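Take a look at the structure below.
The values are calculated or read from the model by the stated rules, or taken from the named source; none is laboratory data. Keep in mind that what you see is a predicted model, and the values were worked out from it rather than measured. As a convention, Cβ positions derive from the backbone with ideal geometry for all residues, glycine included, and neighbour counts pool all protein chains shown.
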Amino acid sequence: MKTQILFTAILLFFISTASSGADFFNFDSLKNKEDQSISVFPNPLTEKGIIKLQLEENTDVLIEFYALTGQKAKQLKLENLEKGTQQINIETTELKDGVYICRVTTNKWVKGKRVIVKQQ
């Protein structure tokens with residue numbers, strides 16, 4: 001149990017602070033942070049929802065849902081999304097009720113959001 005809590009804390013830390021690759025310690029990459037955002041709604045998710053992304057450039061996007069145990073529960077790869085606001089419809093019917101981390105990875109950054117899934 002303590003190992004799972006520690007793993008979750010470490011995962012949340014890296015999701016909230018990491019950018020991809022060699023830019024990890026490049027603080028200049030944070031100056032346009034408002035141009036790089038994600039939101040998930042509704043929260044809690046039932047059968048489907050929307051992930052809204054604000055992208056600063058055209059990029060590939062990887063969306064992953066992780067259970068708090070660290071196990072990957074769902075993955076969606078999207079190629080060459082255009083710069084600007086993108087809304088991605090996502091189905092969650094295969095996910096069990098619980099709390100997940102929705103991790104979004106682009107060519108330049110990684111961000112995560114806590115999401116609750118409650119099937120009806």
- Message: Looking at the structure I just gave you, is Ser16 of a type in the set (S, T, N, Q) and either over 12 Å from the mean Cα position of the chain (by Cα) or modelled with pLDDT under 55 (or both)?
- Response: yes
- Across the range 102-120, the tally of residues that are crowded, with 21+ Cβ neighbours inside 10 Å, among the charged types (D, E, K, R) and either out of contact with any helix residue (DSSP H, G or I) (no Cβ under 8 Å at 6 or more places or on another chain) or not in a strand (DSSP E or B) (or both) stands at 0
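Give me a count of the residues in the range 64-100 that are of a type in the set (A, V, I, L, M, F, W, C), in a strand (DSSP E or B) and more than 14 Å from the chain's Cα centre (by Cα).
Step one: list which residues in the range 64-100 are of a type in the set (A, V, I, L, M, F, W, C), which gives 65, 67-68, 73, 76, 78, 81, 88, 90, 95, 99.
Now drop any that are not in a strand (DSSP E or B), which leaves 65, 67, 73, 76, 78, 81, 88, 90, 99.
Those still in the list that are more than 14 Å from the chain's Cα centre (by Cα) too: 81.
Count: 1.
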- Could you run through the range 23-44 and say how many residues are under 22 Å from Lys96 (Cβ atoms) and either over 14 Å from the mean Cα position of the chain (by Cα) or at pLDDT 95 or above (or both)? 2
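Quick one: in the range 63-73, of everything that is surrounded by 14 or more Cβ atoms within 10 Å (Cβ to Cβ) and not acidic (Asp, Glu), which residue is modelled with the lowest pLDDT?
Quick first cut of the range 63-73, residues surrounded by 14 or more Cβ atoms within 10 Å (Cβ to Cβ) only: 63-68, 73.
Imposing the further condition that a residue be not acidic (Asp, Glu) reduces the set to 63, 65-68, 73.
Numbers: Ile63: 96, Phe65: 96, Tyr66: 97, Ala67: 95, Leu68: 91, Ala73: 96.
That would be Leu68.
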- Task: For the range 92-101, state whether one or more residues are touching a residue at least 60 places away in the same chain (Cβ under 8 Å), closer than 16 Å to Pro44 by Cα and not polar (S, T, N, Q).
- Result: yes
- Message: What are the pairs with Cβ atoms under 8 angstrom where one residue, in the range 45-66, is over 12 Å from Thr106 (Cα atoms) and the other, located anywhere, is outside any strand (DSSP E or B) and small (Gly, Ala, Ser)? Sequence gap at least six, or different chains.
- Response: none
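Does the range 54-61 contain at least one residue that is among the aliphatic types (A, V, I, L, M), surrounded by fewer than 18 Cβ atoms within 10 Å (Cβ to Cβ) and in a strand (DSSP E or B)? Break it down into steps so the answer makes sense when it comes.
Let us first name the residues in the range 54-61 that are among the aliphatic types (A, V, I, L, M), namely 55, 61.
Right, trim to surrounded by fewer than 18 Cβ atoms within 10 Å (Cβ to Cβ) and you get none.
Among the residues of the range 54-61, not one is among the aliphatic types (A, V, I, L, M), surrounded by fewer than 18 Cβ atoms within 10 Å (Cβ to Cβ) and in a strand (DSSP E or B), which makes the answer no.
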